[in-house]
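Scroll down for the structure; my scribbles are underneath it.
The values are calculated or read from the model by the stated rules, or taken from the named source; none is laboratory data. Everything numeric in this text was worked out from a predicted model, so none of it was measured. Cβ placement follows ideal geometry from the backbone for every residue including glycine, while neighbour counts extend to all protein chains displayed. Only protein heavy atoms, including side chains, enter the accessible area calculation; ligands, DNA and RNA are left aside. Shrake-Rupley method; radii C 1.70, N 1.55, O 1.52, S 1.80 Å.
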Amino acid sequence: MEYNFREIESKWISFWKANGSYNVSENSPGEKYYVLDMFPYPSGAGLHVGHPLGYIASDVIARYKKLLGYNVLHPMGYDSFGLPAEQYAIQTGQHPAVTTNKNIERYRDQLDQLGFCYDWEREVRTSSPEYYKWTQWIFKQLFDCYYDKESKQAERISKLIEQFELTGNANVKAETEFDKTFSASDWKGFDNAKKETILQEYRLAYLAESWVNWCPELGTVLANDEVVNGKSERGGHPVLQKKMRQWSMRIKAYSERLLQGLNEIDWTDSLKEQQRNWIGKSVGCSVSFSLDNHDKKIEVFTTRPDTIYGVSFMVLAPEHPYVKEITTQNNTSAVKSYQESASKKSERDRQSDVKSISGVNTGAFAIHPLSGEKIEIWIADYVLASYGTGAVMAVPCGDQRDYDFAKHFGIAIKNIFKDIEIEEGAHTEKTGTLKGSDFLNNLTVSEGIKKAITVLEERGIGKGKTNYRLRDAVFSRQRYWGEPFPVYYENDIPKTVDDAQLPIELPKVDSYLPTKDGEPPLARADKSAWNHFEGDRMEFNTMPGWAGSSWYFLRYMDPKNLNEFVSKERSDYWGQVDLYIGGAEHATGHLLYARFWTKFLFDQGYISFDEPFKKLINQGMILGKSSFVYRLPDTNTFISKNKIEGQNVQAIHVDISLVENNHLNIDGFKNWRKEYRNATFIYEDDGAYICGDEVEKMSKSKYNVQTPDELIQKYGADTLRLYEMFLGPIEQSKPWDTKGISGVHNFLRKCWRLYCGPDGSSILQFQQEPKKASLKTLHKTIKKVREDLDRFSLNTCVSSFMIAVNEFTEQKCNDLEVMQQFLILLAPYAPHFCEELWMKIGKEEGTLFTAKYPVFDQSHLVEDSFDYPISFNGKMRFKANFSLSLSRDELQSQVEALELTKKWLDGKTPKKVIVVPGKIVNIVV
RNA sequence: GCGGAUGUGGUGAAAUUGGUAGACACGCUAGACUUAGGAUCUAGUGCCGUGAGGUGUGUGGGUUCGACUCCCUCCAUCCGCACCA
């Protein structure tokens, strides 16, 4: 009986389900291991072959670790709040929950077919009230905390209030933008509204008027990472800047810890770099410049305080608050019109137009804090209001933009670098020594920076300072299908509801659109629609997509806990995610937010680790391979690919299901579309029609979407699993190509024949003495597969399996002991296949994954001779077999005595002979 | 512009501390077998050359007995960030 994958796979899938084979318990023996996939958003389209790549990899690792005796947590769930379901709801009136559940069912079906060992008892869905109850609870904790810069962690807001009551806010070292001071008695005199307004300046989850990315098309605000090139990440709609009262997360407070934490985790350099870049730390110094004829001082931020004597002008952002007051009369109109045109320029224009230099002189002067010189103050849009202080001290000799600006407007450039020419451009490298800089003369850059900060601090002119580019994250969305906030308003003061009232469930609404007044959809719900209503009104916004995904990995540990988001006991047991697999597109979104929440929960003592994901692998994207047929213009005649030369043809996408190894299925093609029914073809010489191909992103319109379903139908899940792993290194992006899948399928069939005869029963026998060659093959494979899996080189394992099967076949190996061990090696990749054979060779049904992983034994690999490559000047010329017991000298003389050696020496005497026992002999001529 | 990654046959790719470049597959060529199959088996397959042999890991250089691997230069592709003071 041939390998009947359909029967086998459906049998084992139901067996595992019925027996709860993959349910995980905290009480099982073995060290814990937590393997996690990024949970999917269940879209209507279902999975294509690219999605499971990461899931298969994590499943292989999970099963491998299980076999090694680890207690493996390998859960799956759904990030089920999101825009598509809501937009579908707007169009059809169907509740998003209905669509979402339908999609989840389809996902589950597809996932089940692939034979994953998820513990479905632990499934989470971010949109289920049992889950978002705890998302709301975590929000409450964030609301109730501030970031203490002294203890460098989140603390309860009650502690802050205590300090306010004792000494006011003068001595408080907390993360805030609030710059006014008040005394204890001031505080006590404030009314509740005023107190809350101030507290909002400190809370980690806070309400504030802030500039937000507003997308009118989607009718909602977006986080910075959801905006790509000035357009929305989803849908590509234009995004504007708008000031709105919004919930935000004070992630900025964690900048430094988020940065430092990267050093402790095993992620790729590129991903860490992306996060470092996003956090954007720059160390420098703030310097305040007094103004000529004004009381005010302008503060600038610089990373190069050493160049302070090179300052020849100052530039403010057009939006800088002082511009209006300091501008002199005769410059007013120019300044005003510049400000106007700058404000009209969209962010996008400002970004794309980097080269042109523009700016206007305000006519005002600043006083150089050290030299006392008068310095012109300009405004220009290359200075950004949102970064630093919105003002820069311009050092044209050391900064290219300042240099260009000075040249353009004919401002003097002072050179403060010793022996360095700046005729051509600024000296931007951090090299050389200073001149014309008073106490900084002859110092190098790093010495100068240190010295400058010290002196500026001594004289009270400046202060060492670190800036981060990371912005606080906007946390409200004007949408329906998201977590409601556990917040109500009383006299416009936001208050959180009691824990006992959680979850605040999504109320029913008559429509999922905003109200006429532009309020979010939740404003449509009347009082009775809410399961809990308090105060004057509930919060109408909902949370963003990243709320639920910032902590889901914790819920898997304790998914049914009704009293806590996760018990301390459980989170202590499972700890960090040991291996996290998912796409790199979440670099500055999910992966940053999840780290932030983890650190917060750690600060508050709810969990004992402050980095969620110890190791992270980004699986590459699988691209589609489109197929083309070539039509002669205005005809129904199609020319095979190799016959089109010199012809004017029209390339047309053809559905890839009609193409096998670039051969077109002619009948299928004729039936594909009505207009092709009577198509005629010009074939290759061998009578086939060959299609062209191109690598593109998978998309419906290109007819290049490959669903796993079809392939499972055709070859089985085990083949697909092996094939996706065989394709190449997991991190690499690659085009999907079905070409090689038959090779992998044939491998499984060949392997099957090693175990089963034509009647389908086992042909293996117990041998007193296994063949040496077979033992060698087995142990070679054990070694290789273990090493490869331990470094996540999943593709090379498949090759090893193939080599082993080829060798076993050649050896006609029918040794029960050997073949049984091989089955365990292969099991993580082809679980159904191996379980079936495991049973056939006489093991108890379904016990494969409780088996002991084979142990590598070096003694089976010991050889007494070796085929030495003999090379001349590093080039291998021939091989010769020698005993491994030979000494270096013996080996050398035996090699020199060989006929072939003499031939290659061609009469010359070797200058030197390198002998590396067991490796190589190299003769230098 | 800055940062990161990647360049190896017709294709996907191997080569873990420098030691036989191209394992394993796909594809292709030739053959065997057969109630013609998307089956199985055998042989071959980097390039040039009939051959001996030469040559070959993006380019050019270097270190070394020996370099896909280490160092420097340049080029190309992909990804991320981008007037960040």
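The table for this structure:
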| quantity | calculated |
| --- | --- |
| Given charges at beta-carbon only (K, R positive; D, E negative), |dipole| of chain A in Debye | 1200 |
| For A:S151, solvent-accessible area (1.4 Å; no DNA, RNA or ligand), Å² | 50 |
| Most positive-pole-ward Cα, A:W904, A:G846, A:N531, against dipole of chain A from beta carbon charges | A:W904 |
| Over 25 Å between alpha carbons, listed pairs A:K324/A:K374; A:K281/A:K463; A:K65/A:K812; A:K252/A:K272; A:K66/A:K714; A:K614/A:K852 | A:K65/A:K812; A:K66/A:K714; A:K614/A:K852 |
| Hypothetical label at A:N442: residues of the range A:401-426 whose amide nitrogen lies under 14 Å (7 Å Cα-Cβ projection) | A:418 |
| Pairs beyond 29 Å (Cα-Cα), from A:K195/A:K242; A:K495/A:K527; A:K102/A:K516 | A:K102/A:K516 |
| Electrostatic dipole magnitude of the range A:110-186 [Cβ: Lys, Arg +1; Asp, Glu -1; Cα centre; debye, to 20] | 60 |
| Evaluated at q = 0.11, 0.13, 0.17, 0.22 Å⁻¹: base-10 log I(q)/I(0), Debye formula over Cα of the range A:422-553 | -0.60, -0.65, -0.96, -1.33 |
| Distance between modelled label sites at A:S343 and A:R469, nm, 7 Å Cα→Cβ extension | 2.7 |
| Per-residue SASA entry for A:F747, accessible area with 1.4 Å probe, Å² rounded to 10 | 10 |
| Shape metrics for the range A:281-468, restricted to C-alpha atoms - Rg then Dmax, Å | 16.1, 46 |
| Over 14 Å [Cα-Cα, the range A:686-741], rounded percent | 64 |
| The range A:729-817: radius of gyration over Cα atoms, expressed as a fraction of 2.2 N^0.38 Å | 1.26 |
| Signed unit charges on C-beta, dipole axis of chain A, positive-most listed residue A:L727, A:A500, A:V921 | A:V921 |
| Backbone HN-Hα couplings from phi across the range A:301-312 [Karplus 6.51/-1.76/1.60, Hz, Gly and Pro as x] | 10, 9, 8, 10, x, 5, 9, 4, 6, x, 5, 10 |
| Dipole of chain A [Lys/Arg +1, Asp/Glu -1 at C-beta], most positive-end residue of A:P520, A:A174, A:W278 | A:W278 |
| Largest-first ordering by accessible area, 1.4 Å probe, given options A:R595, A:R524 | A:R524, A:R595 |
| Solvent-accessible heavy-atom area per residue, rounded to whole Å², over chain A at 1.4 Å | 46 |
| Cβ-Cβ FRET estimate between A:Q768 and A:T847, R0 fixed at 22 Å, reported to 0.05 | 0.30 |
| Helical contribution to [θ] at 222 nm, DSSP H n ≥ 4, -39,500 (n - 2.57), averaged over chain A, rounded to 500 | -10000 deg cm²/dmol |
| Sites A:R156 and A:S567 - FRET efficiency at Förster radius 25 Å, r taken between beta-carbons, to 0.05 | 0.75 |
| Alpha-carbon radius of gyration plus Dmax, which is the widest Cα pair, for the range A:863-924 in Å | 10.6, 34 |
| Rg to Rh, two decimals, where chain A supplies the alpha carbon set and Rh follows Kirkwood | 1.04 |
| Accessible area (Å², 1.4 Å probe, nearest 10) - A:D578 | 20 |
| Carbon plus sulfur fraction of accessible area for chain A, probe 1.4 Å, in percent | 47 |
| Separation of alpha-carbon centers, the range A:77-151 and the range A:394-428, rounded to whole Å | 55 |
| With Cα atoms, 0 to 90° folded angle of helix A:741-755 axis to chain A main axis | 50 |
| Nearest-20 debye value, the range A:1-95 charge dipole, Cβ charges on Lys, Arg, Asp, Glu | 240 |
| Principal-axis tilt of helix A:831-840 within chain A, Cα atoms, nearest 10 degrees | 30 |
| The range A:754-833: chymotrypsin sites (Phe, Trp or Tyr not before Pro) falling in loop per DSSP and having at most 14 other Cβ within 10 Å | A:F766 |
